[in-house]
Amino acid sequence: MAEAARQELTATAAVTVQSARFGTHTVPEECILTFAEGLVGIPQATRFWLAEPAGGPSPFRYLLSIDLPDLGFLVCDPCQLWPAYAAELPAAEGAGDVQVLAIVTVRDEPRTLTANLLAPLLIDCETRRGRQLVLDGSRYSTRQPLTQPTDPPATR
Amino acid sequence: MLILTRKLGEVIRVGDAVTVRVLEVKGNQVRLGIEAPADVRIYREEVYRAIRRENEEAALGQIDPLAPAATPWRKQLDRN
């Protein structure tokens, strides 16, 4: 009986996402990030979770959609790769900690990685609410090359 | 498409909460002043299109070989 109750509790506190691309994962509710407006051009994707890549520390994460299970992005922490970047973000809207992420585009032939610094993702760490901010009028590009992902580029 | 003619300083109102004012007309450039609630996102069309396109391209990227370990990020910040 206690076991059944525990299972029920687990079932209500987590979401199972079945994806042909990324496999099946159980995401605890406290790990769900809510983007009420979705991403630019993808308004239907409002709930995501972040996954750490296998094998040690990395500047990359995976931002995986819960609503569209085969939708996923490689993301990086742009403030780690480009230390000057954080200063150009508008002052935090809330008082709490904010996680900044940039979506990384992987292209083949030749294989290149670029980060979208013009439209970063800002996630409030307390409420786990995020949005894609557009730094209109900034000098940042949607396709900032990531030549050596583990080596921060020299000052721009 | 609704087509309206406005003079310098005149305003168009969209719904109850959004106004667009003609601030300056110089040659082929028009400066517009837009007032809208904070939750109304306003973009230059070409910027919106570039970001939408980049989001779509990023979604198509071959990230599968780097398939994630099932370790969801929790509330903590990355410690650099």
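Couple of notes before you dig in:
- Shielding value for A:122-131 is 1, the average number of Cβ atoms from other chains within 10 Å of each residue's Cβ.
- Cut-off 13 Å between beta-carbons: net charge of the residues surrounding A:Val15, Lys and Arg +1, Asp and Glu -1: -2
- Summing charges over all other residues whose Cβ lies under 10 Å from the Cβ of A:Arg143, with Lys and Arg as +1 and Asp and Glu as -1, gives -1.
- Net charge contributed by nearby residues that have their C-beta within less than 9 Å of B:Ile12 (K/R +1, D/E -1): +2
- Per-residue average of Cβ from other chains inside 10 Å of A:76-85: 1
- Between the range B:1-62 and the range A:30-109, the Cα center-to-center distance that results, in Å: 26
Bear in mind that the values in this text are calculations on the coordinates, not laboratory data. For clarity, every value in this text was computed on a predicted model and none was experimentally measured. Here the Cβ is made from the backbone with ideal geometry for all residues, glycine too, and neighbour counts use every protein chain on show.
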